Amino acid sequence: MLFHLRTLLNNAALRNGHNFVVRNFRCGQPLQDKVQLKGRDLLTLKNFTGEEIKYMLWLSADLKFRIKQKGEYLPLLQGKSLGMIFEKRSTRTRLSTETGFALLGGHPCFLTTDDIHLGVNESLTDTARVLSSMTDAVLARVYKQSDLDLLAKEASIPIVNGLSDLYHPIQILADYLTLQEHYGSLKGLTLSWIGDGNNILHSIMMSAAKFGMHLQVATPKGYEPDPSITKMAEQYAKENGTKLSLTNDPLEAACGGNVLITDTWISMGQEEEKKKRLQAFQGYQVTMKTAKVAAPDWTFLHCLPRKPEEVDDEVFYSPRSLVFPEAENRKWTIMAVMVSLLTDYSPQLQKPKF
């Protein structure tokens, strides 16, 4: 009844030349109720089905449309607080989470190693229990995946991986939302990874096949993805009828690829390996020569920060580059993650075609 009254008021306002909109984020009926993520941890996309990941992307598109396009105020996280633990520096993860959580009415609390030294001044178990009593969720950017796993085991609130040595799931959600917006659908796309066998690649490997996407990976010898993750990715590809290939030849991986993807060759904590890595990655820079063997509709992704040796300016700043929409979508996707883990909200926007 309330929804119909609101609709009538809005229509009457528009007919009379007024531009105000009666807003209420609880209007309408949920369009589905099959996926329930409330209370879950997000440590790796390995733990989520294709439908669950699609739901988070749907929710991301919904929030982006309602807040950015329609200008609605949706205080879905009013009264909620978020603990943000950062052992590593950050631009996009910190800014997207802080601004996104606050935009939804919640209160983010940023904690550096000067504030909270995981497992040093206090055990991880004790930290998890204290945070559980004072916050509604925790996003942690850490060095070791095992620290996240222990936090999740001991905490009674959702724990979200903001980046670890093994995975970076919230980055991949932003990548997929960006590709969904550009191509209109993810199924059938071929992703070409050219670079290090790192946490970004691991997260793609744990999820791409669930959307029906093919994955072609090129890494230098000695920098291949984790063997146990490769084994799981091969199983996902088999179950979903997709192709997974691994090579040491960048052009082979780029051949026919719709999306050329790379990342930093030297991650935080690997600075001492810089000279060795730069030598090992010779020939892996993404250039227009790389793009010539890609699909005619090729695009480029990089999660940033970017170094010129990884991709040249001609590709990075070209119209085919989606890196800046990709960066913005970090905000909408982390907002969707928090809403899905902390509330019963369901998207009002029609479900996209994946």
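Every number here is computed from the coordinates shown, using simple stated rules; none is lab data. As the structure is a computational prediction, the values presented were derived from the model and not from experiment. Backbone-built Cβ (ideal geometry, glycine too); neighbour counts: all protein chains shown.
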Worksheet item: What is the gain in length, in nm to one decimal, between R306 and A102 on full extension, counting 0.36 nm per residue of separation less the C-alpha to C-alpha distance?
Response: 70.7 nm
Worksheet entry | Net length gained if the chain between E239 and Q36 were fully extended (0.36 nm per residue, minus Cα distance) | 70.7 nm
Practice prompt. Just flag the trypsin sites (Lys or Arg not before Pro) in region 240-349 sitting in loop per DSSP whose Cβ has no more than 13 other Cβ atoms within 10 Å.
Written response: K243
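Greater than 20 Å separation of Cα atoms is the criterion. Which listed pairs, K231/K275; K144/K238; K80/K351; K231/K274; K68/K88; K210/K231, meet it?
K231/K275; K144/K238; K80/K351; K231/K274; K68/K88
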Item to complete: Could you calculate the FRET efficiency of D114 with K70 from 1/(1 + (r/R0)^6), where r is the beta carbon distance between them and R0 is 45 Å, rounded to 0.05?
Response: 0.65
Discussion item. Taking the 0 to 90 degree range and rounding to the nearest ten, how far is the long axis of helix 50-63 tilted relative to the main principal axis of the chain, both from C-alpha atoms?
Written reply: 60 degrees
Worksheet entry | Theoretical gain in end-to-end length, K351 to E252 [0.36 nm per residue, Cα-Cα removed] | 32.1 nm
Worksheet item: Just from its helices, what would the mean residue ellipticity at 222 nm be for the chain, if runs of 4 or more DSSP H residues each count -39500 (n - 2.57) and the sum is divided by every residue, rounded to the nearest 500 deg cm²/dmol?
Response: -11500 deg cm²/dmol
Worksheet, complete the sentence: Checked against the structure, the computed Cα extents along the principal axes in Å among [x] 61, 42, 37; [y] 64, 53, 38; [z] 68, 51, 41 is the one labelled [y]
Worksheet entry | region 303-354, Cα convex hull volume normalised per residue, Å³ | 118 Å³
